[in-house]
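Quick notes on the structure that follows.
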Amino acid sequence: MNHADLTQYLDYLLIAMLLAVGFAIVRLRNLFAVVMLTGVYSLLCAAWFVSLDAVDVAFTEAAVGAGISTVLMLGAMLLTARESEPAGAGRHWAAFAVVAAAGAALFFAIPDMPVYGDAESPANAYLGRDFMERTPQDIQIPNVVTAVLASYRGYDTFGETVVVFTAALGVMLLLGFGSGARRKDEEED
Amino acid sequence: MSPHLILRVISKLLIPLIVVFGLYVQFHGDFGPGGGFQAGVIIAVAVILYALIFGMDEARRAVPPTVVRYGAAAGVLIYAGVGIATLLMNGAGEPLNFLDYDALHPDQGHHTGQHYGILLVELGVLTTVSSVMLAIFYAFAGRVPDIPDEEW
């Protein structure tokens, strides 16, 4: 019981830090600081996912969100200015009303959600339990996430690999193949 | 004396460790968190760190953009190849299924075919993801000169 209470406070702390970092990202104008803080935001998310026992998701978030997208944002930042344009000083009451209404609706929906970790919740009860029970017999590897990803859903993962390949293809066709400064000079003419 | 001496020495020590950790994530994906996608990103990050510290030209010499382009396609071909192989290797009378790894190995009791299939497929994912991440980085970073000293 004490154990559960402690993780709960860790979650509150992480979410409070996420909020603080989010506000800082909105308020700051120095783009370098903003890029670094988005990396911090991803790392905090990853820590929170670990606390929710979603280690595979946390791993991906840390590697992609905090690692590679920070570097790509830095590369993009080098192409633009270092400071963002000052935002308009006016109060956006319509936007505030939309955000407040959406937030209120989310809080209204909280009592209908299943308790965290509830074995009878729809996400855990049917297909999830089935995979948990069948993996030791069908695949015989300990990590059910890998079994679902690579074997049961191998077709989907193949599609995802093709999507990643297509993303690179699109970027390379738009930005050039990055194989030398010569190409860059030609494009700038 | 070159600038950023400490950065250069430390990253030279760290980059092999990052690659080894990426391979650990790749081959330990059956037992712990991780798999081809995460491992691919980690290995790409090692090369990107090298490019940030030692410059784009050095990184292009280490991992040429041509290799990256072929790698992105090769990973997809490895994955699809496993699927085709399972189609071809399936025993007579059994239903033909794309990516049915049990066909890869006759040992059905321990599902060795499943282990082989997952390993090969994750290898394809690793190849494509690390190449794609590097290709995107090369495409972005190839458009700007190296980070000037005053930006550090």
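Structure notes:
- Protein-only accessible surface order, largest first, of A:TRP93, A:TRP48 at 1.4 Å: A:TRP93, A:TRP48
- B:ARG61 versus B:VAL20: modelled label distance in nm, points set 7 Å from Cα along the beta carbon direction: 2.5 nm
- A Förster radius of 45 Å combined with the Cβ-Cβ distance from A:VAL55 to B:LYS12 puts the calculated FRET efficiency at roughly 0.90.
- Taken about its Cα centre, chain A carries a charge dipole of about 520 debye when Lys and Arg each add +1 at the Cβ and Asp and Glu each add -1 at the Cβ.
- B:MET133 - accessible surface, heavy atoms, 1.4 Å probe, Å² rounded to 10: 30 Å²
- Cα centroid separation - segment B:15-52 against segment A:4-23, whole Å: 29 Å
- Here the simple spin-label model places points 7 Å from the Cα toward Cβ, and for A:ALA167 and A:VAL40 these points are separated by 2.6 nm.
- Residues A:ALA76 and B:ILE84, FRET efficiency given R0 of 45 Å [Cβ-Cβ distance, rounded to 0.05]: 0.70
- Gyration tensor (alpha-carbon) shape descriptor, chain A, a/c threshold 1.5: oblate
- If the segment from A:ALA101 to A:ASP156 were pulled out straight at 0.36 nm per residue, it would be longer than the present Cα-Cα gap by 16.2 nm.
- For segment B:5-151, the solvent-accessible area works out to 47 Å² per residue, with a probe of 1.4 Å and every protein chain left in place.
- At most 12 other Cβ within 10 Å, DSSP loop - chymotrypsin sites (Phe, Trp or Tyr not before Pro), segment B:1-101: B:PHE31
- Between A:THR7 and A:ALA119, the modelled label-to-label distance comes to 1.5 nm, taking each label 7 Å out from Cα in the direction of the beta carbon.
- Anisotropy class of segment A:1-81 from Cα gyration tensor, a/c 1.5 cut: oblate
- The B-A contact accounts for approximately 4300 Å² of buried accessible area, totalled over both chains at a 1.4 Å probe radius.
The values are calculated or read from the model by the stated rules, or taken from the named source; none is laboratory data. These numbers come from a predicted model, not from an experiment. Neighbour counts run over all protein chains shown; Cβ positions are idealised from the backbone, glycine included. Protein only, heavy atoms only, side chains kept; ligands, DNA and RNA dropped before computing areas. Shrake-Rupley method; radii C 1.70, N 1.55, O 1.52, S 1.80 Å.
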